[in-house]
Amino acid sequence: MENNTVYQNLVPNSQVSPVTYEHPSLEESFQQKKRMRFVVAGAGIFMVATFALCVALMIQNHELARHVHNMQLNTERTLSSLAYDAHKAQKSSRHTELAFFNSQLYKFAVPLSSPVKNQQRRGTCWDFATVAYLEQTYRQQGVEAGYLRPEEYLYMSEQAYGVMVIEACHANPTLCNAVGGSDLLLNTTESGYEIWVKYFKVVHDKIVPESVCYYYPTPGNDTVCPELALALPSNPLKFTLNRMKTLYDSNEIKRQMIRRNRTLLWSSKVNNAVYYLPAEDSNVCESPLVHCPTDKTYGTRCCQAINSPGYSMEGEFEMHGPLTVSGGHAMLMVGFNDMFRTRNGHTGGFILKNSWGSEMSHSLAYWMQEISDYDEAAICPNSKFPLNWEQCTLPFNEKENAKDENGCTTLTCKSAVCEQGSKVAFVNITMSNMDGIWDACFARYRDTDGHKVRSEFCVSQPMGVIARMFAPHNPKPNNDSLCGFYFFPYDLAHASQTTLGGHWAIDFDLTWHKQSYMANAHLYPELDYSHVNASSGIQTTPFFEGPIPFFDVDIDPSDGKTRTYRHSKKRLLQLNDEL
């Protein structure tokens, strides 16, 4: 009661109500404490939430890390699988590619080679092969860029290139000796290598057209090129050689040619062919006789060994007997044909543009089996090859001995077996029972007691020897624009690689600058294109519709009917002149 009185006295005429404080500082302190409780509570809640969030993040990060780890493992497995698949695919691709080459693409040729040239009796095959490569790439790239028509070509100077290589060698004798150029220091180009065009970079803008400096066929003129110094400052020909790759395996050589669609430089040993003729039987074979090979039947113990060049008069490189080296040779590889069979029975080989002129050779189309033998006879008749001589089909008489209009090829004897200089007529040629030996028979007249008596005689020799014993009257030359290609059998390449030291093919990554072409002369007024113009030519290619080129079929405009004209062999040879 006492307390209530006091309370009532303090708050008169009022009922019980919320407590209030008269003093303002006490109320403010109460509010602050109240706010602090909220802050503390909020901070606690925040800390709990933060902790919970951290825990969640940790759990999430752990899950993420585990997920990332799994992804890495999966990625590694995937990459490993892809690498394995790629390895399998690569192996499969190689096998597939090889199978494709072996089963499908059995022949291939790179066109647009310039007409053949002749190094004659100088040892400059490396020079001619290199320049042939430069001429072919110049022509191919020019046609692809639209700077040349397909039938246009440019001759470049082998003589000037040899001079420039000698000068480059003297300027850097250390490099010269390192790349096998010691002979160049003696001012001779009688032997060399195709790789010099890679290492002597100073010549890359010093290849000049042929008219600047023509080739000297006689030895001793290796450094002669009077107009070279005058022509070089305004010479437009220039190329960049980026890379060089050397190949040794025959299949890889073929694949590289197909991949790059360009020619390769070929270098190999050249072998002799050895044949045997039976000699008088004796227990002792005294020199120059040798023991006959035991794997053939000769009927005697001793034989005469005949060394002949390892190539025929039809452009087929060949091997016969033990392989012996006669030298080395460089040529331009333009293709291959796995199905062509040589006369010696070798199937498949490389097609090479040689530098021995157009004689004793064939056209590229012949080696690629794109034309018939009749067609080829109109282009590259190879008149000096005995199997191309015309056999007598009519009785032989004195008139026919002088002329060959009636079916006989008349020849001049160049050997003592038939009186050198005398005229003979070709009768026939057959393969003897001796390995690689042929029996060739001829007819001739002799004055006997005032009468001309016809007689026949035969010789047994290798084909190449027979060809060198007799010379046809008025032989029809091969077409210089289309002939000049040789065939190098795979069998010989592999045997030579094992026995004589092998072969190789070089692929250059080479680009001709556009200033090199006369079509761009207006862009380079400071350069002189007169020699480019003087050294350019047109290469014509005949077209054969059928296997026999003896016939021309024309349409008579008067009645629209066809007329067929049969040409004599004489007319066929005239057609060859017109190509």
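The values are calculated or read from the model by the stated rules, or taken from the named source; none is laboratory data. A quick note: this is a predicted structure, and the numbers were derived from the prediction, not measured. In this analysis, Cβ positions are derived from the backbone assuming ideal geometry, glycine residues included, and neighbour counts consider all displayed protein chains. For accessibility, only protein heavy atoms count, side chains too; no ligands or nucleic acids. Shrake-Rupley method; radii C 1.70, N 1.55, O 1.52, S 1.80 Å.
Just a few scattered comments:
- Residues whose amide H comes within less than 5 Å of that of F544, counting only those at least five positions distant or on another chain, are absent (H built at 1.01 Å from N in the peptide plane).
- Mean Cβ count within 10 Å, highest first, over the residues of peptides 301-312, 454-465, 345-356: 345-356, 301-312, 454-465
- As a rough guide to protection, the peptides 319-327, 528-536, 241-249 ranked by mean Cβ packing within 10 Å, highest first, stand as 528-536, 319-327, 241-249.
- Protein heavy-atom surface of the stretch 272-396, 1.4 angstrom probe: 49% of the accessible area is carbon and sulfur, with nucleic acids and ligands not counted.
- Solvent-accessible surface of the stretch 133-269, averaged per residue with a 1.4 angstrom probe and all protein chains in place: 42 square angstrom.
- Distances between placed amide hydrogens fall under 5 Å for H473 paired with T410, L411, T412, all partners being 5 or more residues away or on another chain.
- If only the Cβ of Lys and Arg carry +1 and only the Cβ of Asp and Glu carry -1, the dipole of the stretch 275-377 around its Cα centre is close to 280 debye.
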